[in-house]
Structure formats: C-alpha cells, structure tokens
Amino acid sequence: MQNKNDLFGQAPIGNLLLKQALPAAVGILVLSIYGIVDTIFVGRYVGALGIATITVVLPISFLISSIGMSIGVGGASIISRSFGDGNNEKAYNTFGNQIGMTLTLALLFVGIGYVFAEDILKLFGGKGDVLQPAKDYFTIILIGIPFMAWAMMGNNVIRAEGYPRVAMYTLIVPAVFNIILDPIFIIWFDMGLKGAAWATTISYMASAIYSLWFFIIGKSSMKMRVEWFKPNLKISTEIASLGAVTLARQGTVSLLAIVLNNELFKYGGEQGLSTYGVINRVMMFAIFPVLGITQGFVPIAGYNHGAKLRNRVQESIKLAIKSSTLVALLIFILILTFAGAIVSVFTEDQNLINVSVPAMRKSFLATPLLAFSLIGSAYFQAIGKAKPALLLALSKQGIFLIPLVMIMPALFGLEGIWYAFPLADTGAAIISYYFLRKETKTL
C-alpha cells in the first residue's frame, strides 16, 4: 500500500497526472453521458416540462449528496498528506470518521427533504405546472441520496489511496445502470418522470455497493476495523474545514439555482427553465476533461506537499493548468461550431432549439479560462489551506454569478442571464490567477 503511494513522490509528474486524470475524466465523462441520456429520454418522451422539472430538482439533490462529496474531499486531502509524511494511522482514523459523518448527515438532510419537499421545490423555482411533477420526481430521488453520498465520499478516498481506475468505476457503474434502466422504466413501463427517478435512484445504490465492495474485500487498506471508527474531534474538525470548501461551493451552486431558476421563470417561463436545463447538461458534459485533470492533480499535489517536495508541487501546478487550458480551448471551439447539432439531440421542439442555440454560445464564451479557477481552488484544498480554497471555490458563483444573474436580466432581459456566465468565469479566473501566483511564484 505504502509503496503504491510513494509513486506520487517519485514518478514523473506528467505520467502521474495522466494516470490520475484519465480515469477521473473517463468517469466524469460517463457520468455526464448518463445525465445527457437521461435528459434526452425525458425531453423526448415526457417533453419540455420534464426537462424543466429536472432543472429544478437536480441542484437540490446535489446539495444533499454533496455532503458525502465534501467529507470525501476533505478527508482525502488529509489521507494524501498523511501518507506523504508516513502517518498511516491518521489516514485510517480519518476514513473511519468520514464514514460516520457521511451517513449521519446524509440521513438527517434526507429527512428534512421529505418533511419540507414542497416548500423546498418552490424555493428552487418549482412553480406553476412544474411543481407537481417535480414533487413526484424529488420524493423518489431522495431515497437514493444517502447511497450517492456514500459513493461520492468513497470515490475521493479511493483516489487518495492511489486507485484512480477503481474511483473511475464508482462513477461509471451508476451511469451504465441509468442508461440501461431509463428506457425500461420511462418507455417500456410507461412510468414517465417517475421512471427516470427510479432509474437514477437504483443507479446510486449500485455505485454505493461497488465502492463498499472495494473497501471490504478489494485492495483498499481502509478496512472496516472498529478501532478506526472512534470519533476524533481534531480529525473531524479538519475534515469539516476542508470539506466545507466543497460543501460551500455546492451550497452556493444551489443558492445560484434558486436565483437563476426564479429569474429564468420570470423572464422566460417554463421554456426558460428548459433552455437552461439543456445548457446545464452540456456544461456538465463539456468540461469533463478539465474536471478530470483537476481531480487527478489533487492527490499528486497533496502527497508532495506532505512530503515537502516543493519543486514537484510547482511542476504539477504548471502542467495541470497548461493541459487544462488547452483542453478547454478545444471545448470552446467545438461548442461554438456545433451548438445547433448539440441542442437538437435533446429535443425536437423547434422553439426550444431556436432559443437554446444562441443562449448556449453566449454561456460558453469564457470556457478557455476555466482551468485557473478550478486548479486554483483544488490546489489550496489539496495542501490543507481552507480559507483561500473556500474563497476561490465561491468566487464564480458567489462573488460574480449570483449578483450578475440578479442584475443583468433587469437590464437586458433573458439575454442578460446568458452573458452573466462568461463574465463570472472571467472574474473567477482573474482572482484564482492572483492567488496562485502569490502563493507559488510559478505563474
């Protein structure tokens, strides 16, 4: 186990980043494809109202499940640095505390979701004809949220242990299950949106079972031993402080969804929600290589920081930013060139296509700048500096996008919402560049 982690401090950075980033990117790609396929089935067999429903529910379910992701990211940072300085006991105790925190908090928030379902959906823009189908969809999705939270927590720990391919499979498993189950439940069983919700819920369960298998009988050193489950206030606090970056980011995304969905409904009605539903799915899919490089970069930077190998940390930052920027530029060109064909995959509604194509092109204008904001936040999280990591994680949505979405529609109507995205990306990139340059002196 330790020899495998030692590769983070010995192997060439380029090879390491490729080996870590490629499985992460593939996992995110497959997960994004599932999201696209899910939206295609809903859009074509339920209609534009179905896409609007998913647009309302998705940020709520992600907010609850991000508890597991935040605990996973926070704990993985500790685990990587602990392996780097040879403190295996702390790594194992961290994992035990992660399990208890994930399951307790996920179940608590699922209970809150059931009790206040209608109020929460209205807050997130579930109004008019969207409310009832959103409620039907949401109450089923909630069943799978604890399983998704566990899988997201486990995914980050598995990557920190040095098993990027296994981490990739934890993302591929639910995607494959969902792609198979969508036509069965939506078309053959004629269950509509409820069928899509059950397909997603069962997929979350499959991912949780797979990651649990790896920890119990797989190659993981994080075995389910009683001594590692003892609560440790110091470790739990460190997990929470670092994980708060991810949770705050997703919380801000959810706050953005509240503002954005209500503004979309105000200026564009159900069609406005449907338009953003298509754009959002494409965003999740399009940036998968950049997210993969970011996730692959984190354990490399964390281990080498823990091992006090500063030159390797700096090299990993430079390479991650250069490769991410190149990939993001290619994505930008493809989106602008093939926007019409991409939107047509989701819907046959010509009105929705006519509105979505120019909206998508405007929303993606600053895509080449994504690398700075993503790598910047990931770097500070990897080395255990929660405050700058939090600031950079919140800069796009919290500092720029939410205010812009509130201001620009009043001036430019629906068009103002689409232009808010590239403006926010630009602002976040500038802030991240400043902090990275100040901290590392490498850019």
What the 10 Å binned alpha carbon P(r) of the stretch 176-234 shows, as percent of pairs per bin from 0, is 22, 29, 22, 18, 9, 0
Note on the stretch 37-87: alpha-carbon gyration tensor, axes a ≥ b ≥ c; rule is a/c under 1.5 for rounded, else prolate if a/b larger than b/c, else oblate; result prolate
Note on the stretch 1-158: C-alpha Rg/Rh, Kirkwood Rh, two decimals, gives 1.08
Too long for a 31 Å Cα-Cα cut-off, among Lys19/Lys234; Lys135/Lys266; Lys219/Lys308; Lys194/Lys230; Lys19/Lys362; Lys127/Lys387, are Lys19/Lys234; Lys194/Lys230; Lys19/Lys362; Lys127/Lys387
Inverse of <1/r> over all distinct C-alpha pairs of the stretch 225-325, i.e. the Kirkwood Rh in Å, gives 17.3 Å
In degrees, nearest 10, the alpha-carbon axis of helix 192-217 is tilted away from the dominant principal axis of the alpha carbons of the chain by 10 degrees
When every protein chain stays in place and a 1.4 Å probe is rolled, Glu315, Glu118, Glu89 sorted by accessible area with the largest first are Glu89, Glu315, Glu118
Given the candidates Ser77, Asn262, Ile145, the one whose Cα lies deepest towards the positive end of the charge dipole of the chain, counting +1 at each Lys or Arg C-beta and -1 at each Asp or Glu C-beta, is Ser77
A correct Kirkwood calculation over the Cα atoms of the stretch 144-262 returns a hydrodynamic radius in Å of 16.4 Å
On the accessible surface of the chain, probed at 1.4 Å with all protein chains in place, carbon and sulfur together account for a percent value of 68 percent
In the stretch 311-365, taking the dipole from +1 charges on Lys and Arg beta carbons and -1 charges on Asp and Glu beta carbons about the Cα centre, the listed residue (Ser344, Val327, Ser316) farthest towards the positive end is Ser316
If one compares the long axis through the Cα atoms of helix 13-45 with the longest principal axis of the Cα atoms of the chain, the angle in degrees, nearest 10, works out at 20 degrees
Semi-axes in Å, largest first, for the stretch 324-420 (Cα gyration tensor, √(5λ)) are 29, 19, 10
Output ordering of 248-254, 404-410, 365-371, 300-306 (per-residue mean of other Cβ within 10 Å, highest first) is 300-306, 365-371, 248-254, 404-410
To the nearest 20 debye, the chain has a Cα-centred charge dipole, built from +1 on Lys and Arg Cβ and -1 on Asp and Glu Cβ, of 1540 debye
Heavy-atom accessible area per residue of the chain, all protein chains kept, 1.4 Å probe, expressed in Å², is 39 Å²
Computed ³J(HN,Hα) along the stretch 100-114: with the Karplus parameters 6.51/-1.76/1.60, θ = phi - 60°, integer Hz and x for glycine or proline, the list is x, 5, 5, 5, 5, 6, 4, 5, 4, 6, 5, x, 4, x, 5
If unit charges are put on Cβ atoms (+1 for Lys and Arg, -1 for Asp and Glu) and the dipole of the chain is taken about its Cα centre, the option from Asn87, Ala134, Leu29 lying farthest towards the positive end turns out to be Asn87
Whole-percent tail of the Cα-Cα distance distribution for the chain, cut at 41 Å, equals 12 percent
Measuring from the longest principal axis of the C-alpha atoms of the chain, the long axis of helix 414-440 (C-alpha) lies at a number of degrees, nearest 10, equal to 10 degrees
The Rg/Rh figure for the stretch 238-296, Cα atoms and Kirkwood Rh, to two decimals is 1.11
Straight-line reach check, Lys318, cutoff 16 Å on alpha carbons, 8 or more apart in-chain or any other chain, hits among lysines -> Lys438, Lys441
Protection proxy (average C-beta count within 10 Å per residue), highest first, orders 164-170, 103-109 as 164-170, 103-109
Along principal axes, largest first, the alpha-carbon spread of the stretch 96-202 in whole Å comes out as 48, 32, 18
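The values are calculated or read from the model by the stated rules, or taken from the named source; none is laboratory data. Here the structure is a predicted model, which is why all the values come from computation and not from measurement. Heads up, the Cβs are rebuilt from the backbone with ideal geometry, glycines too, and the neighbour counts pull from every protein chain shown. Note: accessible area is taken over every heavy atom of the protein model, side chains too, but ligands, DNA and RNA are not part of it. Shrake-Rupley method; radii C 1.70, N 1.55, O 1.52, S 1.80 Å.
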